[in-house]
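What follows draws every value from the coordinates through simple rules; no lab data is involved. Treat the numbers as computed from the prediction; the structure is a model and nothing was measured. In this analysis, Cβ positions are derived from the backbone assuming ideal geometry, glycine residues included, and neighbour counts consider all displayed protein chains.
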Amino acid sequence: MKKKSKNLSRKKSGKKWGIFVLIVLLIIAAGAYIGYTKYVAYQKYLAEQRAKEEEMRKKQLAEEQKRKELEQAKKMFAELIERMKDALLKKDYKLLKELASKARELAAKYNFPVDEIDRILKQMELQIAMTMLEKLERITDPYAHIYIRNQLKKIPRYPEIAQRWDRLMRKTFQDEYTVLLDLAEQTAKKVESGENPEANYVLSKTYLKKANLIVNSGKAQHNTDRVNLVLQLQSQSYLSGVGRSFQPGSLYR
């Protein structure tokens, strides 16, 4: 009986020891698993941090590159503006337009203001207009009034030259009025000399009528003495050159 008791006691003790060992192994395994899990999580954290740092580094590099590019563009834009000013002084308008085109491309790409470009181009257009105006102002031949007027219409009437533009336009109508009186006088004299009296008489009256229309429209000043001279010549030429054979009642009044 004592032997059986001892065996049972040994068996129970062995089972307890086995359970203890199993528990210890489980604890060790659990600890190892928890440690591994923490290790994996830590490595993942480190990888994420490295990725963030790399992304931040790339972003900083990109921003630095963009800043350098912007600074370079600003420098280039400023140089183009200065070259435009120099071309304006030298009146090299072809070069100025080329530079303005490049400057506008930069301004559009980097959102630069274009006020200075527009100002310089306006100055260029004004210079061109003034040069054209000066050439027309130097023409003194009244018979060139139609040419001057047509060329003047091609010149923009900028505020800076508006007074000169208007003065020259008025002069073209005054010159036209003078020319028409000249023609009226010349054709009246031709009637007196017997050169196609009927046709020249009609022409003389027509020229005078056109001259009066310009005055009536307010575009020219009336020359009373000159008109009276033409009327006198027409009256004399009619009596001496046309006579009773040609009596255009609607013209000779």
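Computed with the Debye formula from one identical point scatterer per Cα of the chain, without solvent, the log10 of I(q)/I(0) at q = 0.08, 0.09 Å⁻¹ comes to -0.68, -0.75. Would you work out the Kirkwood radius for segment 142-253? I mean one over the mean of 1/r across all pairs of different Cα atoms, in Å. Taking the inverse mean of 1/r over all distinct Cα pairs, segment 142-253 comes out at 15.2 Å. For segment 54-100, what does the alpha-carbon gyration tensor say about shape, rounded, prolate or oblate, given a ≥ b ≥ c as the root eigenvalues, a/c under 1.5 as rounded, and a/b over b/c as prolate? In terms of gyration-tensor shape, prolate.
Treating the angle as unsigned and between 0 and 90°, give the value, to the nearest 10°, between the Cα long axis of helix 93-110 and the longest Cα principal axis of the chain. For 93-110 against the chain, the angle is about 30 degrees. Computed over the chain with a Gaussian network model linking Cα atoms closer than 10 Å, the most mobile of Lys66, Lys52, Lys210 is Lys52. A simple rule links phi to the HN-Hα coupling: the Karplus curve 6.51 cos²θ - 1.76 cosθ + 1.60 with θ = phi - 60°, which for segment 189-203 gives 5, 5, 5, 4, 7, x, 8, 6, x, 5, 5, 5, 5, 4, 4 Hz, with x for Gly and Pro. Here the 3J(HN,Hα) profile of segment 221-231, calculated from phi with Karplus coefficients 6.51, -1.76 and 1.60 at θ = phi - 60°, is 8, 6, 10, 4, 4, 5, 5, 4, 4, 5, 4 Hz, Gly and Pro shown as x.
Considering only Asn228, Leu89, Met76, the residue lying farthest towards the positive end of the dipole of the chain is Met76, judged by Cα position with unit charges set on Cβ. Evaluated with a Cβ-only charge set (Lys, Arg +1; Asp, Glu -1), segment 66-138 carries a dipole of roughly 240 debye about its Cα centre, given to the nearest 20.
Quick one: if the Förster radius is 35 Å, what FRET efficiency do Leu229 and Lys153 give, using the C-beta to C-beta distance and rounding to 0.05? My answer for the efficiency is 0.60. Computed from Cα positions, the angle between helix 115-137 and the longest principal axis of the chain comes to roughly 10 degrees. Under a 5 Å amide H cut-off, with hydrogens placed 1.01 Å from N, Tyr158 pairs with nothing among residues at least 5 apart or on other chains.
Using only side-chain charges placed at the Cβ, +1 for Lys and Arg and -1 for Asp and Glu, the dipole size of the chain relative to its Cα centre rounds to 4580 debye. Around the Cα centre of segment 120-253, unit charges on the Cβ atoms of Lys, Arg, Asp and Glu (plus for the first two, minus for the last two) sum to a dipole of about 380 debye. Sequence-ordered 3J(HN,Hα) estimates for segment 44-58 from the Karplus curve with 6.51, -1.76 and 1.60 and θ = phi - 60° stand at 5, 4, 4, 5, 5, 5, 5, 5, 5, 5, 5, 5, 5, 5, 5 Hz, glycine and proline given as x. Normalised by the number of residues in the chain, the mean separation of alpha-carbon contacts (under 8 Å, six or more apart) gives a relative contact order of 11 percent.
Each pair of Cα atoms in segment 66-138 enters the Kirkwood radius, and Stokes-Einstein at 25 °C and 0.890 mPa s then converts it into a translational diffusion coefficient of 187 µm²/s.
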